[in-house]
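*Asks:* Below are the structure tokens for one structure; questions will follow.
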Amino acid sequence: MRDVGCLLISSFIFTALTKTNNMYEGLLHTHNLLRWVILVFLLLNIFRHLMAGNQPFNKTDKGLGLPLLIAAHLTLLIGVYQWIVGPWGLKMIQEKGMSAVMKDAVNRFWAIEHPLMMLIAIILITVGRAQARTKHTSRIQHRRSLIYFTLALIAVMLAVPWPWREVIGRPWLPGMQ
Ligand code: HEM
């Protein structure tokens with residue numbers, strides 16, 4: 001499962017980057033696709049820890065957490081790059097001023113709400129995955145991972161610019177309308 005996840009991440013990045021001439025757009029596509037890797041692996045991890053009961057925290061549990069951690073950290077790196085270099089983050093704040101950005105719901109979403117909520121989600125994923133390395137009993141490891149990953153899922157669901165969201169909505173997949 002771990003290898004499938006890592007292969008999926010690399011092929012998504014390769015596809016997104018080779019389909020465009022422009023690096024910013026390629027990274028935006030990668031950022032878009034990695035959202036699906038994060039969601040699928042969050043659900044798989046949550047299901048696994050939910051069903052674990054008293055079973056030992058084993059290799060499969062650790063393996064399932066790794067692609068999630070890699071995808072989350074890659075998304076963070078690309079997100080920070082987009083925020084600094086792209087039109088919706090730092091540049092917009094410098095041009096319009098913080099108070100003007102905060103007064104506009106769309107600008108506020110991209111400059112503050114999306115990055116902040118996602119940062120919280122990535123911290124939760126990191127702490128959830130780190131449970132694999134603690135010395136607690138397996139039951140506690142499963143329960144804590146479950147809590148952290150569930151909270152991360154809620155944060156991601158709230159902060160993704162889903163296509164149905166007015167004005168801020170973005171496509172399900174790169175290239176779709
Ligand atoms: C779990 C983490 C994250 C997920 C699932 C996520 C998801 C997304 C999605 C689906 C888009 C729309 C992509 C498209 O238009 O095709 C997007 C855009 C964007 N994200 Fe994230 N994101 C995450 C983390 C972050 C972080 C941490 C930052 C900043 C520090 C960030 C900054 C941005 C920016 C600035 C855009 C708009 C870029 C543009 O249109 O030029 N994202 N994100």
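*Asks:* Work out the charge dipole of the chain with +1 on the Cβ of Lys and Arg and -1 on the Cβ of Asp and Glu about the Cα centre, then indicate which of V85, G26, A52 is farthest towards its positive end.
*Replies:* A52
*Asks:* With a ≥ b ≥ c the root eigenvalues of the C-alpha gyration tensor of segment 2-159, is it rounded (a/c under 1.5), prolate (a/b larger than b/c) or oblate?
*Replies:* Numbers: a/c = 3.13, a/b = 1.65, b/c = 1.89.
Oblate shape, in that a/c is at least 1.5 and b/c is the bigger or equal ratio.
*Asks:* If Lys and Arg each add +1 and Asp and Glu each add -1, what is the summed charge of the other residues whose beta carbon sits under 12 Å from the beta carbon of H114? Please report the intermediate quantities before stating the final value.
*Replies:* On the way: positive: R35, R108, R165, R170; negative: E113.
After counting each charged neighbour, the total is +3.
*Asks:* Further, regarding this structure: Give the lysines whose C-alpha is closer than 30 Å to that of K135, dropping any in the same chain fewer than 8 places away, or say none.
*Replies:* Hits, sequence-local ones excluded: K59, K62.
*Asks:* Just to confirm the filter: which GluC sites (Glu not before Pro) across segment 84-177 are DSSP coil and have at most 10 other Cβ within 10 angstrom of their Cβ?
*Replies:* Details: sites: E95, E113, E166; in loops: E166.
Of the GluC sites (Glu not before Pro), the ones in loops of segment 84-177 whose Cβ has at most 10 other Cβ atoms within 10 Å are E166.
*Asks:* Another question about this same structure. Please report the relative contact order for segment 46-177, taking Cα pairs under 8 Å with a sequence separation of at least 6, and give it as a percent rounded to a whole number.
*Replies:* Details: 119 pairs, mean separation 40.5, N = 132.
Over segment 46-177, the number comes to 31 percent.
*Asks:* Based solely on its DSSP helices, what 222 nm [θ] is calculated for the chain when runs of n ≥ 4 H residues each add -39,500 (n - 2.57) and the sum is averaged over all residues, nearest 500 deg cm²/dmol? Mind dumping the intermediate values first?
*Replies:* Details: 8 runs with 129 residues, N = 177.
Value at 222 nm, helices only: -24000 deg cm²/dmol.
*Asks:* How long is the gain from Y24 to V80 if the chain were fully straight, where each residue apart is worth 0.36 nm and the alpha carbon distance is subtracted?
*Replies:* Values: separation 56, 0.36 × 56 = 20.16 nm, distance 1.21 nm.
In short, 18.9 nm is gained.
Here, each number is a calculation from the coordinates, and none is a lab measurement. As the structure is a computational prediction, the values presented were derived from the model and not from experiment. A quick note on method: Cβ atoms are made from the backbone with ideal geometry, for glycine too, and the neighbour counts reach across all protein chains shown.
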